[in-house]
Amino acid sequence: MQNYLVKIGLLFFAAVSALTASDKPNVIYINVDDLGWADVGYQGNTYYETPNIDKLSTQGMVFSNAYAAAANCAPSRASALTGQATPRHGVYTGEKSDRGKSSTRKLIPTENTLHIRSNNATLGNLLQSVGYITATIGKWHVSENPLKHGFDINIGGSHEGGPYQGGYRSPYEYPNLVSKNEGEYLTDRLTDEAIGFITKYKDTPFFLYLPYFTVHAPIQGKASKVAHFKNKKGNDSHNNPKYAAMISSLDDNIGKLMSAVDKLKLTNNTIVIFTSDNGGVYNVSKQTPLRAGKGSYYEGGIREPLIIRWTSKVTPGKCDTPVSHLDFFPTLAEITGTTNVGKVLDGVSITPLLNKGRIEDRALYWHFPIYLQGGNKDSQDPIFRTRPGSAIRHGDWKLIQYFENNDVELYNIKYDPSEQNNLTDSYASKTEELLQELDAWRVSVNAPVPRLPNPEFEEAKKENKATKEKADTDK
């Protein structure tokens, strides 16, 4: 991926902006947890009900080929917030890297970094430096304390990877967020806090990072909504009434928040980014026609819904150009007139696409040198959602390389979005071209590639046993 290289500045960066406070647009970045590409109505889903999200899609630019920088929560968020690919910050998962049974892992995985470093500037630092009041409301998951990463206000955020301090129904207790009323629903409460924040700071440029805990497990919907979806016919991919109820509550709150923005007369000068951190959980909501789901580097694990609305600047429409969450940092840096960011960024500004223009041709990359257990029939195997490997998409072509056996898969995403037809044999030259491009990128970002064999691997045990038996026989 093309690097956005800028000069080192004082501390994180030297921020320079020619814009006055009145010129600076407010930014609301809504990052839903585990919401899949196919989990919204505007993508053609007829079981889930998302009228407010669908309305938002008519008001902004819809990106049909938008990608997270990683297929699971922590690395995706770390990349979006820092503008850097996973090898630069080292966050590959929210836990240890050797997940799953040791006997099924052929390689010793790369060691994981749990949290982004305090000297790695986030979007919070970027916007805070040019006069924005910044708040994160909801799931943080990339360090212990977001207040050390450019945020003035934290409501609900910690290192926790899910709503594990009481779930979605009161009583619950999260950092700076204790349930007030019996029957209170967490998604509703986070929206109330968000509306309170933008109301208080409506006369100041603000950055609201709103990473809802929903629709992450536990799957807990409001009873009345669950009853509604139990009486609605689903299909093979979407038929879980509790999950549908959670999506419906999310949609209600998107509508409530957008109504508040309108009532406060902030609509024209507020950028709204709506997306998800990774694909939907396969056993809860399949991403048909996309393959697999959360944790996988097939399309169902990394392609995301993405809408960007900026009423006074962005012409509503659809953009098919592949984009990445890595692009948010350079895009917002350009929009706010901020220079000298002080580090290498792995995305590019997509402001031309917001007005139906073009950006320079480029590839998108992913790197995951560890294991993620919990496979399914759509994964590479039934044991792991993904094994150590890298992936590249360039144009209509996508290649996945696995490190254990150097297996390679090549797909044409335009004609085969379900990734069912591995074309490595038919398109050997394209395969080699993308492999070389992927390897050059890994070198450029110093991406670790695990190579040491795991002595506890089942096959290794069998080979060692056979060698020993043969040696005993030869005695």
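Somewhere in the range 250-259, is a residue under 23 Å from THR336 (Cβ atoms) and either within 19 Å of the chain's Cα centre (by Cα) or part of a helix (DSSP H, G or I) (or both)? Yes, the range 250-259 contains at least one residue that is under 23 Å from THR336 (Cβ atoms) and either within 19 Å of the chain's Cα centre (by Cα) or part of a helix (DSSP H, G or I) (or both). Exactly one residue out of SER76, SER103 is more than 21 Å from GLY161 (Cβ to Cβ), assigned to a helix (DSSP H, G or I) and at pLDDT 95 or above: that is SER103.
LEU147 meets the conditions (1) within 20 Å of the chain's Cα centre (by Cα); (2) within 30 Å of LEU345 (Cα to Cα) in every case but one. The failed one is (1). Of all residues in the range 413-441, those satisfying the criterion of being surrounded by 14 or more Cβ atoms within 10 Å (Cβ to Cβ) and among the aromatic types (Phe, Trp, Tyr) are TYR427, TRP441.
Of all residues in the range 172-188, at least one satisfies being in a helix (DSSP H, G or I) and of a type outside the set (S, T, N, Q).
Take PRO241 and tell me if it is buried (at least 16 other Cβ atoms within 10 Å of the Cβ) and either under 30 Å from LEU326 (Cβ atoms) or among the charged types (D, E, K, R) (or both). Answer is no for this residue. Listed residues GLU95, GLU111; which is in the same structural domain as GLY161 (by TED's automatic domain parsing), in contact with a helix residue (DSSP H, G or I) (Cβ under 9 Å, 6 or more places away or on another chain), of a type in the set (Asp, Glu) and closer than 27 Å to TYR371 by Cα? Within the list GLU95, GLU111, the selection yields GLU95. Would you say VAL323 is surrounded by fewer than 17 Cβ atoms within 10 Å (Cβ to Cβ), among the aliphatic types (A, V, I, L, M), modelled with pLDDT of 95 or more and closer than 23 Å to ASP277 by Cβ? Answer is no for this residue. Selection within the range 162-196: residues that are in contact with a strand residue (DSSP E or B) (Cβ under 9 Å, 6 or more places away or on another chain) and farther than 24 Å from SER248 by Cβ. The member of this set that is surrounded by the fewest Cβ atoms within 10 Å (Cβ to Cβ) is ASN176. Residue check: SER118 meets all listed conditions (1) in a loop (DSSP other than H, G, I, E, B); (2) hydroxyl-bearing (Ser, Thr, Tyr); (3) modelled with pLDDT of 95 or more but one, namely (3).
Let's see how each residue does on (1) of a type outside the set (D, E, K, R); (2) assigned to a loop (DSSP other than H, G, I, E, B):
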site	(1), (2)
VAL272	yes, no
THR275	yes, no
SER285	yes, yes
THR288	yes, yes
ARG291	no, yes
GLY301	yes, no
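Just one of the numbered conditions (1) modelled with pLDDT under 95; (2) assigned by TED's automatic domain parsing to the domain that holds ALA244; (3) not acidic (Asp, Glu) is not true of GLN380: (2).
Could you list, in sequence order, all residues of the range 121-135 that are surrounded by fewer than 21 Cβ atoms within 10 Å (Cβ to Cβ) and not in a strand (DSSP E or B)? Hits for the range 121-135 are GLN128, VAL130, GLY131.
The values are calculated or read from the model by the stated rules, or taken from the named source; none is laboratory data. Only a predicted model underlies this, so the values are computations on that prediction, with no experimental measurement involved. Because the Cβ atoms are built from the backbone with ideal geometry, glycine has one as well, and the counts that use them run over all protein chains shown.
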